[in-house]
Amino acid sequence: MEQRHLGRTGLRVSRIGLGTLTWGRDTDEHDAADLLKTFWEAGGSLVDTADVYGDGEAEYLLGKLMDGLVPRRDLVISTKAGSVPDPDRRFDGSRGHLLSALDASLSRLGTDHVDVWHVHAFDPYTPLEETLQALDLAVSTGRARYAGVSNFCGWQLAKAATWQLAAPGVRTRLASTQMEYSLLQRGVEREVLPAALDLGVGLLPSSPLGRGVLTGKYRGAAPPGSRGASEHLAPFVAPYLDDTASRIVDAVSTAADGLAVTPLQVALAWVRDRPGVVAPIVGARNAQQLTAALSVEALSLPDEICRALDDVSAPVHRYPDHDWSTL
């Protein structure tokens with residue numbers, strides 16, 4: 001699998017990442033082992049997790065599998081911290097919480113460091129410089145090799161990345177930002193992606209298949225065993241089952257028919273090759289689904305197909321994103 005630099009750093013990662021959102025909950029140890037081995041054998045290296053996935057079970061399971069199935073040195077482990085199970089405060093970006101969470105993650109993973117450590121979301125109740133200092137401490141103490149953020153909007157990302165760049169050699173530059181991005185969700189193109197491109201921050205798209213909808217499997221009723229048929233994940237899929245999404249899915253399917261490939265391959269290739277994207281994170285449920293996603297490695301979409309998909313999925317961005325003099 002082709003490798004790409006993570007932002008403006010020397011770290012190289014596979015251009016498709018493996019997500020573990022359902023590990024330890026819907027994905028058991030056997031299926032997780034098949035997924036990790038399939039990914040590794042295909043040349044994949046970037047494995048993404050978080051301290052809240054499966055209430056910590058995803059990290060624990062990944063650490064257990066690294067103990068014998070796949071060599072730790074062959075993987076780029078990315079995890080996140082900051083989400084908390086508190087109805088009054090969803091995110092805690094305080095230095096104390098983040099560093100304690102990182103130590104707990106390392107214990108569950110059974111490793112002395114993670115390769116990339118992300119702040120899971122912006123915390124409006126903690127000074128940003130305090131949150132970012134936790135990243136500096138994690139890197140300076142060797143507990144993390146690189147640092148990034150997740151779910152920061154445009155101004156938040158720009159402020160954080162600029163703050164880190166203001167003291168080179170003292171503060172660690174942001175290597176990456178993880179955000180939802182697909183043909184069904186192009187909101188990052190408004191401000192996040194331009195900021196990331198300007199400041200050298202690599203984009204790691206989550207839900208690159210529109211929460212599974214872009215595969216076309218929801219064009220009828222939700223198939224048994226799918227996330228859309230799951231009681232706790234159906235609300236996650238539901239926002240992308242409207243008429244607008246249906247038109248985009250139809251266009252993806254038409255493109256796939258014309259290229260003699262699958263809708264999954266078309267949708268994944270489109271987001272993988274967008275400017276600023278480093279590696280879409282694919283959260284397959286089983287090895288068969290993952291193999292289908294990894295088959296996109298040999299596919300590059302023709303320019304005319306990309307333009308057609310761009311047009312049908314174009315979000316409405318007007319003032320102040322477009323030249324105001326033309327409005």
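The values are calculated or read from the model by the stated rules, or taken from the named source; none is laboratory data. All values derive from a computational prediction rather than experimental measurement. Cβ sites come from the backbone with ideal geometry, for glycine too, and all protein chains shown count toward neighbours. Ligands, DNA and RNA are excluded from the accessible area calculation, which covers all protein heavy atoms including side chains. Shrake-Rupley method; radii C 1.70, N 1.55, O 1.52, S 1.80 Å.
Can you give the accessible area per residue of region 143-186, in Å², using a 1.4 Å probe?
Per-residue accessible area for region 143-186 comes out at 39 Å².
Taking 7 Å along the Cα-to-C-beta vector as the label spot, tell me the ARG12-ASP303 distance in nanometres, rounded to one decimal.
Modelled inter-label distance: 2.8 nm.
Determine the principal axes of the Cα atoms in region 37-127, then give the extent along each, sorted from largest to smallest and rounded to whole angstroms.
Cα spread of region 37-127 along its principal axes, largest to smallest: 43, 21, 19 Å.
Per DSSP helix of 4 or more residues, -39500 (n - 2.57); summed, then divided by the residues of the chain. What does that give at 222 nm, rounded to the nearest 500?
-11000 deg cm²/dmol
Longest segment of the chain with no GluC sites (Glu not before Pro) in a DSSP loop having at most 13 other Cβ atoms within 10 Å?
Segment 3-230 is the longest.
Taking all protein chains in place and a 1.4 Å probe, what share, in percent, of the accessible surface of the chain do carbon and sulfur account for?
Carbon with sulfur: 51 percent of the solvent-accessible area.
Sticking to Cα atoms, compute the Rg of the chain to one decimal and its Dmax as the biggest Cα-Cα distance, whole number, in Å.
19.2, 61
What does the charge dipole of the chain about its Cα centre add up to, to the nearest 20 debye, if the Cβ of each Lys and Arg holds +1 and the Cβ of each Asp and Glu holds -1?
My answer is approximately 460 debye.
At q = 0.11, 0.19 Å⁻¹, what base-10 log of I(q)/I(0) does the Debye formula yield for region 72-167 when every alpha carbon is treated as an equal point scatterer in vacuo?
-0.30, -0.87
Can you tell me the alpha carbon radius of gyration of region 1-44 divided by the globular rule-of-thumb value 2.2 N^0.38 Å?
Rounded to two decimals, the normalised Rg is 1.37.
Connecting C-alpha atoms closer than 10 Å in a GNM of the chain, tell me which of SER206, SER253, SER105 has the biggest fluctuation.
Its mean-square fluctuation being the largest, the pick is SER253.
With a ≥ b ≥ c the root eigenvalues of the C-alpha gyration tensor of region 22-61, is it rounded (a/c under 1.5), prolate (a/b larger than b/c) or oblate?
Oblate, because a/c is 1.5 or more while a/b does not exceed b/c.
Using only the alpha carbons of region 61-102, determine the length spanned along each of the three principal axes and report them from longest to shortest in whole angstroms.
Projected onto its principal axes, the Cα set of region 61-102 covers 40, 19, 14 Å.
In region 90-234, if the dipole is taken from +1 on Lys/Arg beta carbons and -1 on Asp/Glu beta carbons about the Cα centre, which of GLN164, TYR146, VAL188 is farthest to the positive end?
The one lying farthest along the dipole's positive direction is VAL188.
Expressed as a whole percent, how much of the Cα-Cα distance distribution for region 186-311 exceeds 26 Å?
In whole percent, the share of Cα-Cα pairs in region 186-311 beyond 26 Å is 21.
Running a GNM on the chain with Cα contacts under 10 Å, which residue among ALA58, ALA147, ALA245 ends up with the highest mean-square fluctuation?
Comparing ALA58, ALA147, ALA245 in a Gaussian network model of the chain, the most mobile one is ALA245.
Dipole of region 1-122, Cα-centred, from +1 at each Lys and Arg C-beta and -1 at each Asp and Glu C-beta, to the nearest 20 debye?
Computed charge dipole of region 1-122: roughly 620 debye.
State, to one decimal in nm, how far the label point of LYS37 lies from the label point of ASP243, with both points 7 Å from Cα in the Cβ direction.
Distance between label points: 4.9 nm.
Lysines near LYS64 by alpha-carbon distance under 16 Å, same-chain residues fewer than 8 away left out - which ones?
By straight Cα distance, LYS64 reaches LYS37.
Considering only LEU35, LEU46, LEU301, give the residue with the highest GNM mean-square fluctuation for the chain, with springs between Cα atoms whenever their separation is below 10 Å.
Top of the fluctuation ranking is LEU301.
Enumerate the calculated ³J(HN,Hα) couplings along region 162-171 in order (Karplus 6.51 cos²θ - 1.76 cosθ + 1.60, θ = phi - 60°), each rounded to whole Hz, writing x wherever the residue is Gly or Pro.
5, 4, 5, 6, 6, 9, x, x, 9, 9
Evaluate E = 1/(1 + (r/R0)^6) for VAL316 and LYS159, where r is the Cβ-Cβ distance and R0 equals 25 Å; express this FRET efficiency to the nearest 0.05.
Details: r = 26 Å, r/R0 = 1.03.
Plugging the Cβ-Cβ distance into 1/(1 + (r/R0)^6) gives 0.45.
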